[in-house]
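**Q** Handing you a structure now.
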Amino acid sequence: MSNFEKDIFRKKILEYESKSGAAWASIHQEENDHGTVNPKNATDRTIADMSTDEEQDSLGSLGVHLVRSGGTSRKKLLAPKSWDEYFEENLTLSKDDKCVFNVYYIRPKSREAPIFIFHHGTGSSGLSFAVAGSKIVAHMQKNADSATICSRADDRLVGGVVSFDMRGHGRTVVDNPNHDYSLETLTEDFITMVELISKEKQWGTDNHGNTSDSFNPPLILVGHSLGGAIVTNASLKKRLKNVIGVVVLDAVEGPAIEALSSMDRVLSTWPCDFESIPKAIEWHIQSRALRNKESAAVSVPGIIKEIPDTSQYTWVLNPRTTKPYWENWFTGLSGNFLAAPAARLLILAGTDRLDKPLMIGQMQGKYQLVVFAESGHFIQEDEPDKTALTLVDFWTRNGRPTNIVPTFGKFRSE
């Protein structure tokens, strides 16, 4: 197809948009590594597809998905969901009022049950794990109902969940306008938050008020992207008690550092503001930044805020403000993960994300690798049920009480 013919088709699209008040959203959407549509590439693909069927003079026949101007779908917009549909408590914890952590919590059913402690990535929030966290508890409760003790469910199998907003994100408040986003500072925040909630919920205390390290519940640290680097770093410091597992979601040193050079271009495709929370949710779904509508409905409200004196919304955190720290976050991640003093699990959205140290470590059996081939970068949101099942299985393999054995398809206590 000649450049002249391409120009004609471009004009046809623009003419249609001006008459109908519509704007094309995507055709065979081309995504970057972060699941964000690249409009220019999408346009080129549209025109290329036109050339295969030039006799068709209708946009509808070209398979172009149209949305109303402003990015609003013709479908009914998704309503936001509340945190309390997934968590039991929303706590504010502070050590010295310089940093007040916003924490979401589901209590474990017993002191022997594990607690999954989640850390989100840049630009996200603790609500990123809302759906996956609630599904973990649901799956463990189902297992407990099958593993009866004297006709009662075995509560040792029903764990808890902790998910929080790191500094500069969500509803966590830091008394410092110049945020320090270095890996060491973020790691210190994470350790402090765990220590605070441990004290708040008396994890190391028995029913008689006695304290002992032996009373601490088993902890499984789970981090997505940057969060993976943080929980890995925290495990190496060995300050958190009874850490039995470290889980990293879609974060690998080599590919992560290579991708940094394109981050500015990726972020330039993001909108600066939204007309409403439902429209922000819709943008994440249409751009395929998130692929699960339920998770988007609960997580997106945690990453945007209302612009003062307007009805518009914008991002809680502009990721560009963290740019000076990007390379620091992921340097040494693969080696640190392989050295973590606990069972290790790596969940990826594709095997091509492995770097050389992790390939060697996988062949040596140093960690468990699980791949969700159909997922985007936000594994815990795109595939919350698979994530939950994988994490429960990880606990079963590495931390479940040894005196629980399977019998006739169920579990019993010996």
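**Q** Let me know the shape class of the range 231-368, please: from the alpha-carbon gyration tensor, a ≥ b ≥ c as square roots of the eigenvalues, rounded when a/c is under 1.5, otherwise prolate if a/b is greater than b/c, or oblate.
**A** It is prolate, given that a/c is not under 1.5 and a/b is the larger ratio.
**Q** What whole-number value in Å² describes the accessible area per residue of the range 93-232 for a 1.4 Å probe?
**A** Each residue of the range 93-232 exposes 37 Å² on average to a 1.4 Å probe.
**Q** Within the set of other residues whose C-beta is less than 12 Å from the C-beta of THR387, count the net charge using Lys and Arg as +1 and Asp and Glu as -1.
**A** That sum, taken over residues with Cβ under 12 Å, equals -4.
**Q** Between the range 237-263 and the range 197-221, how far is it from one alpha carbon centroid to the other, in angstrom?
**A** What the calculation gives is 27 Å, centre to centre.
**Q** Whole number in Å², please: accessible area per residue of the range 274-341, 1.4 Å probe, ligands, DNA and RNA not counted.
**A** 44
**Q** Measuring from centroid to centroid over Cα atoms, what is the spacing of the range 284-360 and the range 109-131 in Å?
**A** 14
**Q** Also, I was wondering about something else. Give me the net charge for the shell around VAL131: Cβ to Cβ below 11 angstrom, other residues only, Lys and Arg +1, Asp and Glu -1.
**A** Computed value for this residue: -3.
**Q** Give the carbon-plus-sulfur fraction of the accessible surface of the range 265-414 in %, rounded to a whole number; probe 1.4 Å, heavy atoms of protein chains only.
**A** 52
**Q** Right, something else. For the residue pair LYS199 and ARG265, what label-to-label distance in nm results when each label sits 7 Å from Cα along the Cα-to-beta-carbon direction?
**A** 4.8
**Q** Here's something else I'd like to know. Arrange the peptides 254-263, 204-213, 161-170 so that the one whose residues have, on average, the most other Cβ atoms within 10 Å appears first.
**A** Put in order of decreasing packing, that is 161-170, 254-263, 204-213.
**Q** Please report, in whole Å³, the volume per residue of the convex hull around the C-alpha atoms of the range 313-387.
**A** It is 141 Å³ per residue.
**Q** All other residues with a Cβ under 12 Å from the Cβ of GLU253 taken together, and with Lys, Arg as +1 and Asp, Glu as -1, what is their net charge?
**A** Summing Lys and Arg as +1 and Asp and Glu as -1 gives -1.
**Q** How compact is the range 289-343 by the rule of thumb for globular proteins, expressed as Cα Rg over 2.2 N^0.38 Å?
**A** 1.71
**Q** If I take the Cα coordinates of the range 198-262 and project them onto the principal axes, what are the three extents in Å, biggest first?
**A** On the principal axes, the range 198-262 reaches 56, 18, 14 Å in Cα extent.
**Q** Additional query: Select from the range 223-272 those trypsin sites (Lys or Arg not before Pro) which occupy a DSSP coil region and have at most 10 other Cβ atoms within 10 Å, ordered by residue number.
**A** Filter output for the range 223-272: LYS238.
The values are calculated or read from the model by the stated rules, or taken from the named source; none is laboratory data. Here the structure is a predicted model, which is why all the values come from computation and not from measurement. Note: ideal-geometry Cβ built from the backbone for every residue, glycine included; neighbour counts use all protein chains shown. Side chains included, ligands, DNA and RNA excluded: accessible areas come from the protein's heavy atoms. Shrake-Rupley method; radii C 1.70, N 1.55, O 1.52, S 1.80 Å.
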